[in-house]
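The values are calculated or read from the model by the stated rules, or taken from the named source; none is laboratory data. Fair warning: this is a prediction, and the values are worked out from it, not measured in the lab. All Cβ positions, glycine included, derive from the backbone under ideal geometry; neighbour counts span all protein chains shown.
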Amino acid sequence: MTVPRFKRCTWLGSMSFLLFLLCLPASGFAEEHPLGISLAFRYAGLTGDEESGVKWSDLYDNGIGGSLEISYRTNPAVAILGGIAYDQFAGTDITLCCPVITGKFNDQNPLTFYVGAKFYILQMAGPAKNPADPYLRLDLGLTRFDKLEFEGITVGDPVTKSSWDVGVGVDVPLSPLAAFFVELKYQDYGKPDQAGDTLRAYPISVGIRYSP
């Protein structure tokens, strides 16, 4: 199949830009301590509809959880990473219609395994030392959901779904070996219930990154 010239040039340009970022010479903190281990606390507000007329926030409280992540700063502008995140969304009382019934779903505890990358904004123009280091991030993962129950009646089996998120954050060095960070993400967990829409949230994370 012949690739159109415009698409071929666009693809080559994108690959060239990515290789440029990955091959930037490392310096400073990223060069001395490229490996990082992060531990964070997460608080997630829910958004979106579970189904027509019912929002996810009607069924569950905002979630709390945490994450453990390992990252490697390939150069001052880019870090690759992998991690695991756990959240707990407690079920709330709700009245459903037709027939009218009041009760609540069991708690949901999505467990997400993910890989991704961070792109350090101020470093993309060239290595620079800054008291704060803002970044964008993109992650792809798999999320495991518990079975769904409503007042003890099983209405959905445990499932594993594809998930993804995008976010912004900032690193603030505390010492030569540690940094404090805060992040805000938009997270799409996938569908815990085939009858509903995707479970989406806005997790806010605060944590510490240690570089051995």
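Looking at region 163-177 only, could you name the residues that are touching a strand residue (DSSP E or B) at 6+ places or on another chain (Cβ under 7 Å) and over 25 Å from D87 (Cβ atoms)? Full working, then the answer.
Just the residues of region 163-177 that are touching a strand residue (DSSP E or B) at 6+ places or on another chain (Cβ under 7 Å), to begin with: 163-174, 177.
Answer for region 163-177, where residues must be touching a strand residue (DSSP E or B) at 6+ places or on another chain (Cβ under 7 Å) and over 25 Å from D87 (Cβ atoms): P173, L174, L177.
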key: Matching helices (runs of 4 or more DSSP H) fully within region 1-107 where at least 3 residues are within 24 Å of the chain's Cα centre (by Cα) and either surrounded by 14 or more Cβ atoms within 10 Å (Cβ to Cβ) or modelled with pLDDT of 90 or more (or both)   = 56-59
remark   = All conditions in (1) more than 21 Å from L35 (Cβ to Cβ); (2) more than 23 Å from the chain's Cα centre (by Cα); (3) at pLDDT 85 or above are true of L174 except (1)
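Going by the conditions given, is T143 without any contact (Cβ under 8 Å) to a residue 24 or more places away in the chain, touching a Lys or Arg at 6+ places or on another chain (Cβ under 7 Å), assigned to a strand (DSSP E or B) and over 17 Å from G91 (Cα atoms)?
On the way: without any contact (Cβ under 8 Å) to a residue 24 or more places away in the chain: no; touching a Lys or Arg at 6+ places or on another chain (Cβ under 7 Å): yes; assigned to a strand (DSSP E or B): yes; over 17 Å from G91 (Cα atoms): yes.
In short, no.
Taking the conditions exactly as written (in contact with a helix residue (DSSP H, G or I) (Cβ under 8 Å, 6 or more places away or on another chain), closer than 21 Å to V159 by Cα and touching a residue at least 24 places away in the same chain (Cβ under 8 Å)), does D49 satisfy them or not? Spell out how you get there, then give the answer.
Numbers: in contact with a helix residue (DSSP H, G or I) (Cβ under 8 Å, 6 or more places away or on another chain): yes; closer than 21 Å to V159 by Cα: yes; touching a residue at least 24 places away in the same chain (Cβ under 8 Å): yes.
Yes.
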Every residue from region 171-203 that is closer than 29 Å to L122 by Cβ, surrounded by fewer than 18 Cβ atoms within 10 Å (Cβ to Cβ) and aliphatic (A, V, I, L, M) = V172, L174, L177, A178, V182, L184
